[in-house]
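Following: one structure in structure tokens, then a few remarks.
All of the numbers you see were taken from the coordinates with simple rules; none came from a lab. In this text the structure is predicted, and so the values were computed from the model without any measurement. Counting neighbours? That spans all protein chains shown, and the Cβs are built from the backbone with ideal geometry, glycine included.
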Amino acid sequence: MFPEKVYYEPAALSYPLGKTLTEKYRKVPWVPIQNHNKIDELRTQPNSAFPALKRLLIVGVRKTHRYVPNAKISDFLVPYTSSGCSAMCLYCYLICHYNKCSYLRLFVNREEMLEKLKRTSMRAQADLTFEIGSNSDLVLENTITHNLEWTIERFAEQEKGFLTFPTKFNMVQPLLNLRHRGRVIFRMSMNPPEIIQKVELGTSPLERRIDALNQMAGAGYRTGLLIAPVILTESWKRQYLELLDILEATLSMQVKRELGIEVIFMTYSYLHRAINAEAFPNAPGLFDRERMTGRGRGKYCYRPQIRAEAEEFLRFEIEKRFGSSSIRYMV
Ligand code: SF4
């Protein structure tokens, strides 16, 4: 059952979304907290409690609204209506920010956040693109809050700017009939079926992700695709070839027409190793001493030579199937 318990900042309950959530989850215990960033009884839990922590929901008010300039796919990374996530991908980047407290936090002051987005967008000379999903998975969040539905039509009312967000989930039905007016770029993250099943715990299967991407393109959304993170297991060549073959066979013409693929190699850290060893003792180990090297602050990445070989292989296989300008970037 999700959530098993809600931790909340009392101020959150004076917002309309706070009231809706109170009603929606009235049957589970609600525990008042002072600050969503510092819940001592959760921070002090052992690593083995990680899956149990993921079944909690935190409701608060976002206080930090600083936009971070970004050069990859958007102009700014924007802190939006949630951070953290109730899924449990074994490499999740959120661990580096929140350690084992990477549970789903919902921020109820969405009016304030959307207002800033619209204001910033309208004041800019050119169209800006705002990445609103860099801190959580908004499609998953939307099943609880309907925040994407709420946001997309309101943002698209104006004649300027774009929103974008990536996801590993397929629950896009509520988005299909929205008046998005071409102002939203929906990006689906893909990985081989075996990796999704064993590593991206709690996310949607590949075929559903592909379906969702095709449906969004069919509904007129601009779309993109991530192959992320690339994980170099023993059988990585076979697995990624299988993924590319499936994508080639099943992506719709609409998706293929404007395909911009982001390829991101996995980074890992000692924090992931510690949590995964205790919380998921039977899961595949993602740290590979032979293939990985330290890159400072407890993080690991693939050794330059291993990575260069993988980049060359993937670039060749992707361009063979989807054309020479299909890759947006590889990092
Ligand atoms: S779906 Fe995304 S945010 Fe959620 S656990 Fe997986 S990588 Fe992290």
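In table form, for the structure just shown:
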| read-out | value |
| --- | --- |
| Sites Ala52 and Glu159 - FRET efficiency at Förster radius 35 Å, r taken between beta-carbons, to 0.05 | 0.15 |
| Overall Cα dimensions of segment 175-267 - principal axes, largest extent first, Å | 45, 25, 22 |
| DSSP beta bridge pairing in the chain, given as percent antiparallel to the nearest 5 | 25 percent |
| Paramagnetic reach from Glu111 (point 7 Å along Cα→Cβ, amide N under 19 Å) across segment 47-69 | 60-65 |
| Simple spin-label estimate for Gln45 and Ala124 in nanometres, 7 Å along Cα-Cβ | 3.7 nm |
| Distant-in-sequence amide H partners of Phe162 (H built 1.01 Å from N, under 5 Å) | Leu128, Thr129, Phe130 |
| Cross-link reach list, lysines versus Lys299, counting only Cα pairs under 20 Å and skipping chain neighbours closer than eight places | Lys100 |
| Subset of Lys116/Lys168; Lys63/Lys118; Lys19/Lys118; Lys116/Lys160; Lys237/Lys320 violating a 23 Å alpha-carbon distance limit | Lys116/Lys168; Lys19/Lys118 |
| Residue order, fewest to most beta carbons within 10 Å, for Ile58, Ile95 | Ile95, Ile58 |
| Cα-based radius of gyration of segment 1-110 once divided by 2.2 N^0.38 Å, which approximates compact folds | 1.10 |
| Fraction of alpha-carbon pairs over 28 Å apart in segment 69-214 - percent | 17 percent |
| Fewest-first sequence of Arg183, Arg66, Arg154 by Cβ atoms within 10 Å of each Cβ | Arg66, Arg154, Arg183 |
| Karplus-derived HN-Hα couplings along segment 40-45 (A = 6.51, B = -1.76, C = 1.60, θ = phi - 60°), whole Hz, x at Gly and Pro | 4, 5, 9, 4, 8, 5 |
| Descending semi-axes in Å of segment 212-307, equivalent ellipsoid built from Cα gyration tensor | 32, 15, 14 |
| Per residue convex hull volume, Cα atoms of the chain, in Å³ | 137 Å³ |
| Virtual spin-label span in nm between Ala277 and Arg315, 7 Å along Cα→Cβ | 3.7 nm |
| Linear extension gain, Glu4 paired with Ile264, 0.36 nm per residue minus alpha-carbon span | 90.2 nm |
| Length released on extending from Glu149 to Glu290, taking residue separation times 0.36 nm less the Cα-Cα span | 46.2 nm |
